[in-house]
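Below: one structure, written as structure tokens.
The values are calculated or read from the model by the stated rules, or taken from the named source; none is laboratory data. Since we're looking at a predicted model, the values are computed, not measured. Here the Cβ positions follow ideal geometry from the backbone for every residue, glycine too, while neighbour counts run over all protein chains shown.
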Amino acid sequence: MNTQHYSRHLATLMERYERALAATGYDQVVISAGSLVMVAEDDRAYPYTPRAYAQQWLPYDVLPDTFIVFKPGDKPRLLWPARQDFWHISPTEPSGDWTGMWRLQPAESLDDWLPSLTGRTAWVGPEHPALSQYANAVELDPATLRSALAYDRAFKTEFEVECLAEANRRAVRGHRAARDAFFAGQSEAGVYRDYLAASGQLESTEPYSGIIALNASAATLHYERRSFDVPAQHRTLLIDAGAKVNGYASDITRTHTTDTGHFAALLAGVDALQQDINAAIKPGVKMTDLHRKTQAGVAQLLLDHKICNLSVEEQLSKKVPQAFYPHGLGHLLGLHVHDVAGHQQTPEGEVRNDPENPFLRLTRTLEEGMVITIEPGLYFIPMLLNKLIAAEPQHGLDLELIEQLKPYGGIRIEDNVLVTATGHRNLTREAFGA
Ligand code: GLY
Ligand code: MN
Ligand code: MN
């Protein structure tokens, strides 16, 4: 880790919190990472993900029952869970150069530190079971404060960009192994196993459940079955899978095919469209405009590849591209794969989505420091095609050709892109190129 980058990241967070606390009238904030959630009537826990507001402050994978206390003017306090437990691994004191920027304090329970807090205190993050004893000491998750903090999370510091870039490099190692496994004739489960091994992950540590779809299954947008069956023919692999570094996620999709004809040409077309959209990324651009440009691009592909003989304009007026590309172009990326505040237009919390495109998760105008995904797709989804054909007799579709393409499922290409002062930096293609 680059300690200077982290130091500047911490300074930025302190500034942001100081501003947000002043605007909302709090003297200090407690940020809770959350606790393990146990399976009912059992002694095992669900996989744990620390709450992002806590993870954002710390350069390691934050443990359950970690708390941060920040009061403007003071060093931030890290209350790490000093549990003595012979059944489980006992946490040890966090170490590294960066700890000099903190006041570290071991804490076995809230009683060790919460009663000494004075002033108006906001509590951000999950409640703690023992908090009921201190009901009047803190104000739980005030919406005004959280709006301000969520809005700022869209602007990544250089430390955060480095985490996201490393998460891309890590995932790309997995994507390369997955591609090889596909061409070697593996099952979905086999491809997935090779992905996890090469990217150094367990299923429980992925930022989201990896999508590994062979053939027609590529038409299910969030296909998570990972079958052990080896298909008779390997036509398509659609793999949408990422990795995490200090909590920051990559979210990458690639589509591979053994085809050398029509589907392969269509795949090359989607890849070219995706790069065309990437090239337009810079501050001031509206994601809603890029999404519409992508819909028009999909219509052009349908026309060029003789899947639909209507003009681009006719297709758009009949919503033909939406049957082949039914999801949004992309979203903010960070500590959450679908990061917070994609529709939030102001720190105060004004929300605006795109009613024409309800699945578009990002309606904010692009600004320097945002990291977004760009993920156009083109799929043969029987349900949506049947609906279009029933609703629009003059659909212009070549149904015979579509039947031939259905066994290939679909195509998605997804990169993670940083908006820079003058344009963009593609963290994913950079990692594939290295
Ligand atoms: N992997 C989920 C997404 O691409 O949005
Ligand atoms: Mn994805
Ligand atoms: Mn995505």
Item to check | Set Leu333, Leu360: member being closer than 18 Å to Leu418 by Cβ, hydrophobic (A, V, I, L, M, F, W, C), surrounded by 19 or more Cβ atoms within 10 Å (Cβ to Cβ) and in contact with an Asp or Glu (Cβ under 8 Å, 6 or more places away or on another chain) | outcome: Leu333
Next on the checklist: Every residue in segment 221-230 that is in contact (Cβ under 8 Å) with a residue 40 or more places away in the chain and more than 15 Å from ligand 3 (Cβ to nearest atom), please.
Outcome noted: Ser227, Phe228, Asp229, Val230
Next on the checklist: Would you confirm whether or not segment 253-271 contains a residue that is under 30 Å from Ala54 (Cβ atoms) and either away from ligand 2 (no atom under 16 Å from the Cβ) or not in a helix (DSSP H, G or I) (or both)?
Outcome noted: yes
Checklist outcome for this item: Taking segment 149-171 and keeping residues of a type in the set (Phe, Trp, Tyr) and surrounded by fewer than 20 Cβ atoms within 10 Å (Cβ to Cβ) leaves Phe155
Next on the checklist: Take Pro50 and tell me if it is modelled with pLDDT of 95 or more, on the phi < 0 side of the Ramachandran plot and either touching a helix residue (DSSP H, G or I) at 6+ places or on another chain (Cβ under 6 Å) or part of a helix (DSSP H, G or I) (or both).
Outcome noted: no
Checklist outcome for this item: Over segment 214-244, the set of residues more than 16 Å from ligand 1 (Cβ to nearest atom) and either crowded, with 22+ Cβ neighbours inside 10 Å or within 25 Å of Ala268 (Cβ to Cβ) (or both) is Leu214, Asn215, Ala216, Pro231, Gln233, His234, Arg235, Thr236
Next on the checklist: Condition first: away from ligand 2 (no atom under 14 Å from the Cβ) and within 11 Å of the chain's Cα centre (by Cα). Now tell me which residues in segment 335-359 satisfy that.
Outcome noted: Leu335, Val340
Item to check | Those residues of segment 199-213 which are touching a residue at least 60 places away in the same chain (Cβ under 8 Å), out of contact with any strand residue (DSSP E or B) (no Cβ under 6 Å at 6 or more places or on another chain) and surrounded by 16 or more Cβ atoms within 10 Å (Cβ to Cβ), in sequence order | outcome: Tyr208
Checklist entry - So, in segment 297-322, of the ones that are in contact with an Asp or Glu (Cβ under 9 Å, 6 or more places away or on another chain) and not β-branched (Val, Ile, Thr), which residue ends up farthest from ligand 3 (Cβ to nearest atom)? => result Asn309
Item to check | Of the criteria (1) away from ligand 3 (no atom under 16 Å from the Cβ); (2) under 20 Å from the mean Cα position of the chain (by Cα); (3) among the β-branched types (Val, Ile, Thr), which one Ile211 fails | outcome: (1)
Next on the checklist: So, Asp415, is that one in contact (Cβ under 8 Å) with a residue 40 or more places away in the chain, closer than 22 Å to Ser317 by Cβ and touching a Ser or Thr at 6+ places or on another chain (Cβ under 7 Å) or not?
Outcome noted: no
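Matching residues to (1) of a type outside the set (S, T, N, Q); (2) in contact with a helix residue (DSSP H, G or I) (Cβ under 9 Å, 6 or more places away or on another chain):
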position	(1), (2)
Arg292	yes, yes
Gly297	yes, yes
Gln300	no, yes
Ser311	no, yes
Asp339	yes, yes
Gly349	yes, yes
Pro358	yes, no
Phe380	yes, yes
Gly396	yes, yes
Next on the checklist: Arg193 - would you say it is away from ligand 2 (no atom under 16 Å from the Cβ), assigned to a loop (DSSP other than H, G, I, E, B) and within 23 Å of Val337 (Cβ to Cβ)?
Outcome noted: no
Item to check | Lone unmet requirement of (1) within 16 Å of ligand 3 (Cβ to nearest atom); (2) under 24 Å from Thr12 (Cβ atoms) for Glu375 | outcome: (2)
Checklist entry - Could you count how many residues in segment 142-179 are out of contact with any Ser or Thr (no Cβ under 7 Å at 6 or more places or on another chain), basic (Lys, Arg) and outside any loop (DSSP other than H, G, I, E, B)? => result 4
Item to check | Criterion: modelled with pLDDT of 95 or more, closer than 19 Å to Asp111 by Cα and of a type in the set (Asp, Glu) - qualifying residue of Asp61, Asp65, Asp42, Asp74 | outcome: Asp65
Checklist entry - Can you tell me how many residues in segment 127-143 are crowded, with 18+ Cβ neighbours inside 10 Å and closer than 18 Å to Trp80 by Cβ? => result 1
Checklist entry - Which is over 21 Å from the mean Cα position of the chain (by Cα) and in contact (Cβ under 8 Å) with a residue 60 or more places away in the chain, of Asp259, Asp194, Asp251, Asp240? => result Asp259
Next on the checklist: Name the residue that is modelled with the lowest pLDDT, counting only residues in segment 85-114 that are among the β-branched types (Val, Ile, Thr) and in a loop (DSSP other than H, G, I, E, B).
Outcome noted: Ile89
Checklist entry - So which helices (runs of 4 or more DSSP H) stay within segment 274-383 end to end and still have 3 or more residues that are touching a Ser or Thr at 6+ places or on another chain (Cβ under 9 Å), within 14 Å of ligand 1 (Cβ to nearest atom) and among the small types (Gly, Ala, Ser)? => result none
Checklist entry - Of the residues Glu403, Glu356, which is modelled with pLDDT under 95 and closer than 27 Å to His305 by Cβ? => result Glu356
